[in-house]
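The values are calculated or read from the model by the stated rules, or taken from the named source; none is laboratory data. Computed from a predicted structure; not experimentally measured. No Cβ is skipped: glycine too gets one built from the backbone with ideal geometry, and neighbour counts run over all protein chains shown. To get the accessible areas, we keep the full protein, side chains included, count just its heavy atoms, and leave off ligands, DNA and RNA. Shrake-Rupley method; radii C 1.70, N 1.55, O 1.52, S 1.80 Å.
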2 protein chains.
Amino acid sequence: MLESATPKPSLSEGAYSEIRQALVRGDFEPGQRLSEPELALRFSTSRSPIREALVRLSHEGFVERLPSGRVRVRALDILELEQLYVVRASVEGLAARLAAPRLRTIDLEQMEKAQEEMERCVRKNDAVGAIAAGQEFHDLLLRECGNQPLIEVLSGLRARISRFRAVVASLGDYDPERAIEHRRILKALYQRKAEQAETEMIRHVNRSAAVLMGKLRKRG
Amino acid sequence: MLESATPKPSLSEGAYSEIRQALVRGDFEPGQRLSEPELALRFSTSRSPIREALVRLSHEGFVERLPSGRVRVRALDILELEQLYVVRASVEGLAARLAAPRLRTIDLEQMEKAQEEMERCVRKNDAVGAIAAGQEFHDLLLRECGNQPLIEVLSGLRARISRFRAVVASLGDYDPERAIEHRRILKALYQRKAEQAETEMIRHVNRSAAVLMGKLRKRG
DNA sequence: AAATTATTATCTGTCGACAGATTAGGTCAA
DNA sequence: TTGACCTAATCTGTCGACAGATAATAATTT
């Protein structure tokens, strides 16, 4: 979602992003086997592009290879989610700290815009919109952290987490507290208080984690 | 290096680890083009396993795909190294913090052993041995952090960094200060002081970074 | 000789094929 | 009905092939 242009729309690339999107949306059941011929049929390609897509997805933790070589959708283990969030909190805190002195006026304006959109959605009780605006907020911040490996790591973590989030997306009750935390982060960024931005971000991510895990424990 | 058993010694897997090892050792020049047919010949396989290996290596940041689709060995950009170390310091600090309350007696014993080996090598002026023992120290700690995504992230960062390290490995002058820092970390772990272990680890990684980058700036 | 164009050699992305391994399905015995 | 066993259908890992694209080389012109 953070990557830019498409220099070559290869079939592999297409298959990868479509399958990944399907996984994030929950179109495939956890535990479900994904057969290469079947996916190839579905995407009207041969197995080669599918294979590459699955190789990539397995290294990214979306699917796993059985000893037989078959691929199945990874289970949504709540313990894994917790671990993902532990790393994410730390790494996204770092991103906030690094971004704080780097954000240009235009970046802060965009974040302000995303923030206001989020607050508007919260008032309208529009959970889907609030979540989208919230992600935009995080995206904008990450993009300006100036550290490419960090961007890659965090993008990967966020993508893996979003699979879990999709499970309870239908619940739709977005906690307005998240918007308040975002506002605190933004304030620290305005004031160029890097450490504080980091602390607030870590707190925010941890609370998001707690809320999501709570929902999952109830439903899933 | 941290992963365990080999359930299936596939050609892809073999090609991957061999090419990766070659990259880490610096057998391939930065910027060098890697052609699939050539590598296939070298490993006595068809292009398929090579292709999978290269796909993986490109996502791990060892090689990059040109717009033409060709693959070349990524340049050793010192700015990238710096960024890698920034993330690594934070993440490895987290690993230390998480491991602190989890390490069993046997783990601490093994770390003590690695530490003593390192100190022995330092006294004997055996840089290669000291580096190896130092890596063992970090490996042992990471293995017991209890967070799989963290292990994956940190392994990836360390592997990418080791390419840079290989460039100046021939210099061989290992700074004994590193061993002292390890000892501080270990002490904090013995005392189950998680925060302190984290702080010491971050400091240690940052100093390693500074030393390595200093060497690179002189030579590279 | 330098620049430019034409020609040739490679390379990548993708495809279909095949063998060995695995799974699913069905059969028969208890 | 349950369980062991056998058979058939899939699937994966790997291979070679081909077209279109790219890079390298030779030919040609200035």
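How about region A:28-40: which of its residues are within 13 Å of DNA strand D (Cβ to nearest atom) and out of contact with any Phe, Trp or Tyr (no Cβ under 8 Å at 6 or more places or on another chain)?
First, the residues of region A:28-40 that are within 13 Å of DNA strand D (Cβ to nearest atom): A:32-40.
If the condition is that a residue be within 13 Å of DNA strand D (Cβ to nearest atom) and out of contact with any Phe, Trp or Tyr (no Cβ under 8 Å at 6 or more places or on another chain), then A:Q32, A:R33, A:S35, A:E36, A:P37, A:E38, A:L39, A:A40 are the ones that fit.
For B:L57, the conditions (1) within 12 Å of DNA strand C (Cβ to nearest atom); (2) touching a strand residue (DSSP E or B) at 6+ places or on another chain (Cβ under 6 Å); (3) outside any strand (DSSP E or B) are fulfilled apart from (1).
Counting just the residues of region B:41-51 that are more than 7 Å from DNA strand D (Cβ to nearest atom) and part of a helix (DSSP H, G or I), which one comes out nearest to the other protein chains (Cβ to nearest Cβ)? In this case the residue turns out to be B:R51. In region A:55-82, the residue that is farthest from A:R158 (Cα to Cα) out of those that are facing another protein chain (nearest Cβ under 9 Å) and open to solvent by less than 60 Å² (accessible area, probe 1.4 Å) is A:G69.
Within region B:5-40, take every residue that is open to solvent by less than 30 Å² (accessible area, probe 1.4 Å) and of a type in the set (S, T, Y) and give me the one that is nearest to the other protein chains (Cβ to nearest Cβ). The selected residue is B:S12.
Taking (1) in a helix (DSSP H, G or I); (2) within 16 Å of DNA strand D (Cβ to nearest atom); (3) over 20 Å from the mean Cα position of the chain (by Cα) in turn, A:I106 satisfies each apart from (2). Is region B:83-104 home to any residue that is more than 13 Å from every other protein chain (Cβ to nearest Cβ), within 12 Å of DNA strand C (Cβ to nearest atom) and buried (at least 16 other Cβ atoms within 10 Å of the Cβ)? No, because not a single residue in region B:83-104 is more than 13 Å from every other protein chain (Cβ to nearest Cβ), within 12 Å of DNA strand C (Cβ to nearest atom) and buried (at least 16 other Cβ atoms within 10 Å of the Cβ). Taking B:S162 as the residue in question, decide whether it is among the small types (G, A, S), open to solvent by 30 Å² or more (accessible area, probe 1.4 Å) and in the same structural domain as B:C121 (by TED's automatic domain parsing). Taking the combined requirement at face value, the residue does not satisfy it. Please pick out the residue among A:L212, A:L171 that is open to solvent by less than 70 Å² (accessible area, probe 1.4 Å), assigned to a helix (DSSP H, G or I) and assigned by TED's automatic domain parsing to the domain that holds A:A133. Only one candidate qualifies: A:L212.
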